[in-house]
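J.: I'd like to ask some things about the structure below.
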Amino acid sequence: MNEQAETPIHPLNAISGQFKSSDTGSDRGDDRQPSDVETTAPSLSLLKLSSPALLIDQTLQVIWQNSAACKVLWHIDDAPLVSSQTQSIFDLLFKKGVFEQTDRWKEWLVFFLVQARQLTSVQEVGRQIEDLPDEQRQIVQAALNGLEKKIDTPRFTGNAYGTLQDGHGAVFDAVVTRFEANTLMVFEARHPVGVGPGVMSAREDSRRSELARSLSQAAKSEISVLSAELNDAGTLRAEMLDEEFSRLFLRVWEITAETIEAFGGVVSQSSGTGILGYFLPGDDNGNRSLGAIQCALELKRKMSELGREWKIRKGWLHDIELNMGIHTGVEYMASVPTIMGDHLLTLGETLDVAKHLSQIASGGQIWTTKTMIHRVPEGELKSLRFGIFRSDSHRQMFVARCFSRIRDLAAAESPALHLDEEMGACAVTQVFDRQGHG
């Protein structure tokens, strides 16, 4: 008895003990008494699971996983049928070939952090990442900070994002089961993620349909336009394999589209490394001008996170940034049916100014017009930091709540921008985040 008590119990045996059979044995014709059945745990068939499955404990250690999990989730080709080797979930997430090549790696990380938060506190998760390298710890901490402060509802099912062995991204249906201090996760690849920017949310598809019906013919409408250009795209493209650059820009496109949609906007077709977002009357978030500016600030934050991730992947010093321009006005708009679905078409000064501002921006700057700022509610305007940097021969000074004509900006001197008189007279300003960081 003493020897048995000292023998460690494998986590799977502990899990199987949580199940109590209700079978009285009459269907199988055996002679067991009800009292015998109540104390007998059924035999689990986890070893026969063909889907990836793993068991994680309260200290975020993977204490068991099957061969499918090793191969599909972590790309370990020579994995044993069952692995009981204890590994930190972060060691696996940052494993070479998983971290560098998983397109939606952050969502993969967030999924596991949400599960960890069901088991333990934020402080305990923080202790588990203390020994990670600085850059890895910063990435995990940023994702952890982005989670809800309190997670009460257990998530027994959900979506997780990963990359299959053939290199294609996939959405996994995840079934999560709690067993006291342990969590069993079973993953089933639902379908590959689309390889182009045609995968949109159901909500945005619905908004497109509504706009298609309301704009079947050209009609004037008030509109705010957000134009975003990938900063230093030529350098990034030159230094990366074409396939890798395409994967990076697809991720930028997905993040931008999701963020624009979250702030009540609609994504237009992109051109090259540029993306357009339209904010139209009737948006859920109320004020269109404010929504577009808030969207740009959120995009700046998300690109900073993506940049930290890719710095580790590539071992370079490049940031991933979007140069953004925002303007508002009244323009003729129409919905144009195409083989890829209905797309909004607009011409005129509003679009031209927004695109021009994204061209003169650099290093992830956000530029907008005096017209746009005037349409932001005063209460919100007080918390928004914007202004112009003025330079003389010796120094550069920031002047808050100030504007400049485009032709007076140093960037406007480039002849490649084809600055006309009307565009040059437009008053603009640079927008910074609400915490005062540029």
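The values are calculated or read from the model by the stated rules, or taken from the named source; none is laboratory data. Quick caveat: nothing in here was measured; it's all calculated off a predicted structure. Methodologically, a virtual Cβ is constructed for each residue, glycine included, from the backbone with ideal geometry; neighbour enumeration extends over all protein chains shown. For the accessible areas, the whole protein counts, side chains as well, though only heavy atoms, and no ligand, DNA or RNA atoms are used. Shrake-Rupley method; radii C 1.70, N 1.55, O 1.52, S 1.80 Å.
One line per residue, one yes/no per condition, for (1) at pLDDT 85 or above; (2) out of contact with any helix residue (DSSP H, G or I) (no Cβ under 6 Å at 6 or more places or on another chain); (3) open to solvent by 40 Å² or more (accessible area, probe 1.4 Å):
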residue: A142; (1), (2), (3): yes, no, no
residue: D166; (1), (2), (3): no, yes, yes
residue: D173; (1), (2), (3): no, yes, yes
residue: T177; (1), (2), (3): no, yes, yes
residue: E210; (1), (2), (3): no, yes, yes
residue: S214; (1), (2), (3): no, yes, yes
residue: A218; (1), (2), (3): no, yes, yes
residue: M240; (1), (2), (3): yes, yes, no
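J.: With respect to S206, determine if the residue is modelled with pLDDT under 75, within 26 Å of the chain's Cα centre (by Cα), surrounded by fewer than 18 Cβ atoms within 10 Å (Cβ to Cβ) and not in a strand (DSSP E or B).
T.: Judged against the criteria, S206 is a match.
J.: Here's something else I'd like to know. Can you confirm whether region 270-280 contains a residue that is modelled with pLDDT under 90, open to solvent by 10 Å² or more (accessible area, probe 1.4 Å), closer than 23 Å to E107 by Cβ and under 24 Å from the mean Cα position of the chain (by Cα)?
T.: The answer is yes, given that some residue of region 270-280 is modelled with pLDDT under 90, open to solvent by 10 Å² or more (accessible area, probe 1.4 Å), closer than 23 Å to E107 by Cβ and under 24 Å from the mean Cα position of the chain (by Cα).
J.: Being open to solvent by less than 10 Å² (accessible area, probe 1.4 Å) and more than 15 Å from the chain's Cα centre (by Cα) is the filter here; which residues of region 297-321 pass it?
T.: none
J.: All but one of (1) assigned to a loop (DSSP other than H, G, I, E, B); (2) at pLDDT below 55; (3) surrounded by 13 or more Cβ atoms within 10 Å (Cβ to Cβ); (4) not small (G, A, S) hold for V37; which doesn't?
T.: Answer for V37: the failing condition is (1).
J.: Turning to a different aspect of this structure: Report, ordered by the first and then the second residue, all pairs with beta carbons closer than 7 Å, sequence separation of six or more or different chains, a first member in region 252-263 that is in contact (Cβ under 8 Å) with a residue 12 or more places away in the chain, and a second member that is basic (K, R) and in a helix (DSSP H, G or I).
T.: Close Cβ pairs satisfying both conditions: I255/K302; T259/K302; E261/R203.
J.: Could I ask something else about it? Give region 387-438 a look and list any residue that's at pLDDT 85 or above and either touching a Leu at 6+ places or on another chain (Cβ under 6 Å) or assigned to a helix (DSSP H, G or I) (or both), or say none.
T.: I406, R407, D408, M423, G424
J.: Pull up region 62-110, narrow it to residues that are farther than 25 Å from G307 by Cβ and of a type in the set (D, E), then point me to the one that is most open to solvent (accessible area, probe 1.4 Å).
T.: Here the answer is D78.
J.: Still on this structure: Please enumerate the residues belonging to region 74-109 that are modelled with pLDDT of 85 or more and either touching a strand residue (DSSP E or B) at 6+ places or on another chain (Cβ under 9 Å) or more than 17 Å from F172 (Cα to Cα) (or both).
T.: Of everything in region 74-109, those that are modelled with pLDDT of 85 or more and either touching a strand residue (DSSP E or B) at 6+ places or on another chain (Cβ under 9 Å) or more than 17 Å from F172 (Cα to Cα) (or both) turn out to be W74, T86, Q87, S88, I89, F90, D91, L92, F94, K95.
J.: While we're looking at this one, here's another question. When you check W64 against the structure, is it among the aromatic types (F, W, Y), farther than 25 Å from L250 by Cα and modelled with pLDDT of 80 or more, yes or no?
T.: When the stated conditions are applied, W64 passes them.
J.: Please find, among G291, G307, the residue that is part of a helix (DSSP H, G or I), of a type outside the set (D, E, K, R) and free of Cβ contacts under 8 Å to residues at least 24 places away in the same chain.
T.: Every option except G307 fails the conditions.
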